[in-house]
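Shown next, in structure tokens, is the structure this report addresses.
The values are calculated or read from the model by the stated rules, or taken from the named source; none is laboratory data. It should be emphasised that the depicted structure is a prediction, and the values quoted were computed from it without experimental measurement. Counting neighbours? That spans all protein chains shown, and the Cβs are built from the backbone with ideal geometry, glycine included.
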Amino acid sequence: MNPQASPIKESSAEAPFKSKSTWGGGGWTAFCLLLLLVLVGLGLILYLWEDIGRRMSQPFLEEERARCEARLASMQRKIPHPAQPATAGSPPEEVRRWTELTGSFPQWPEDLLEPGSCTEVEEDFRALCQELDRKPYLQGRLPTGGSYTFFSGIARRLSARPPVASGEMRLPEAVVANVFHLFRVVGREPLGILNRILAQEQSLAEPAAIVVYRWLAAQEKCWKENSVAPNSALEDYAAFFLNTLGGQGYLRRRPPKLAALAGFYSLVILEKAISSGRNPHGLDLRPHIVFYRELIRSQELVFKERYLETLSKMETRWKDFSHIESGSGRP
């Protein structure tokens, strides 16, 4: 009826669409701005994440560090320091090297002749073996089980085939056998590794000698059923090194410090046997005490005074050797 009404309605019908279109454009702009702010925020967080993470985790790290330090402190065996250090008068450089190599201040074992704690002896020996296992020149040359298995195997082989420890001059073949004894029993390659260790680790010789001697001396007491070296074998080899051409020749080819320590512990082993009422090879230790006392006196050793004191006590016990009861073999 009114033909001009239709365009007006069309115009009013389009208005909502135009309004929506205008709102949609503003919303998109707002969304883009919001997205940009989010991206900038994420970028800033990522840029500062290391610092943020460190600040957030610092309390937990401090707590864990304190817990670990407390645990380590409880695991470490405390070494009591004597009122007067046993190393008084020792060469400072030797003391410093000992501490670097072993991680503890040098301390003379008061139970040297009769080790008291089997656990401590075993722990010390394993710690020495672990130190050697880390040496580059031994990588790939040791058996499965490392230095511990290597030394245990050598000790067992030597114990099973002892040398002629006394009276070798009565048998020419015994002299020859003793000269080549270590080579034949230990074997070329293991003996080569052993000699390499002795040559390379001279700075470790003194603490290692204490650890190895205590480990061997404790075998019958601590591991009698599975001993790698019974006392009788230790006495055989102590007499071998002191009293035979083969044993003395082997020590003469080693550095003087090693020879001095080997001679000292050989005397300790035989003196211990004699003190218990036995002199298994009938040796007079007096000339050997004099010889090794002078050799030790010329070496730079942390416990030089302790070694000399021990030898002096031995010499005192041997003073009246001529008055020993016939056949007792005991001073």
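Take Ala259 and decide whether it is without any contact (Cβ under 8 Å) to a residue 40 or more places away in the chain and either of a type outside the set (Val, Ile, Thr) or part of a helix (DSSP H, G or I) (or both). In short, yes.
Of the residues Leu258, Leu242, which single one is surrounded by 17 or more Cβ atoms within 10 Å (Cβ to Cβ), under 22 Å from Lys313 (Cβ atoms) and either among the hydrophobic types (A, V, I, L, M, F, W, C) or out of contact with any helix residue (DSSP H, G or I) (no Cβ under 9 Å at 6 or more places or on another chain) (or both)? Of the residues listed, the single one that is surrounded by 17 or more Cβ atoms within 10 Å (Cβ to Cβ), under 22 Å from Lys313 (Cβ atoms) and either among the hydrophobic types (A, V, I, L, M, F, W, C) or out of contact with any helix residue (DSSP H, G or I) (no Cβ under 9 Å at 6 or more places or on another chain) (or both) is Leu242. Restricting attention to segment 221-237, the residues that are under 25 Å from the mean Cα position of the chain (by Cα) and either farther than 20 Å from His281 by Cα or among the hydrophobic types (A, V, I, L, M, F, W, C) (or both) add up to 9. Note on segment 97-122: residues that are out of contact with any Pro (no Cβ under 7 Å at 6 or more places or on another chain), in contact (Cβ under 8 Å) with a residue 40 or more places away in the chain and assigned to a helix (DSSP H, G or I) amount to 4. Residues in segment 214-234 that are surrounded by 23 or more Cβ atoms within 10 Å (Cβ to Cβ) and without any contact (Cβ under 8 Å) to a residue 60 or more places away in the chain: Leu234 alone.
Considered as a group, the residues in segment 129-142 that are at pLDDT 90 or above, assigned to a helix (DSSP H, G or I) and surrounded by 14 or more Cβ atoms within 10 Å (Cβ to Cβ) include one that is nearest to the chain's Cα centre (by Cα), and that residue is Cys129. Of the residues making up segment 210-218, not a single one is assigned to a helix (DSSP H, G or I) and either farther than 24 Å from Thr119 by Cβ or of a type in the set (S, T, N, Q) (or both).
Condition (residue is over 22 Å from Leu301 (Cβ atoms), surrounded by fewer than 13 Cβ atoms within 10 Å (Cβ to Cβ) and modelled with pLDDT under 90) applied to segment 143-165: is it met by at least one residue? No: zero hits. Among the conditions (1) under 22 Å from the mean Cα position of the chain (by Cα); (2) in a helix (DSSP H, G or I), the only one that Val185 does not satisfy is (1).
Ala208 passes every criterion in (1) surrounded by 17 or more Cβ atoms within 10 Å (Cβ to Cβ); (2) farther than 17 Å from Ser266 by Cβ apart from (2).
For beta carbons closer than 7 Å, sequence separation of 6+ or different chains, a first residue in segment 131-145 that is in contact (Cβ under 8 Å) with a residue 60 or more places away in the chain and a second that is surrounded by fewer than 16 Cβ atoms within 10 Å (Cβ to Cβ), the qualifying pairs are Tyr137/Arg196; Tyr137/Gln200. Among the conditions (1) under 18 Å from Arg317 (Cβ atoms); (2) without any contact (Cβ under 8 Å) to a residue 60 or more places away in the chain; (3) surrounded by fewer than 17 Cβ atoms within 10 Å (Cβ to Cβ), the only one that Leu285 does not satisfy is (3). For Leu242, the stated conditions do not hold, so it cannot be described as hydrophobic (A, V, I, L, M, F, W, C) and touching a residue at least 60 places away in the same chain (Cβ under 8 Å).
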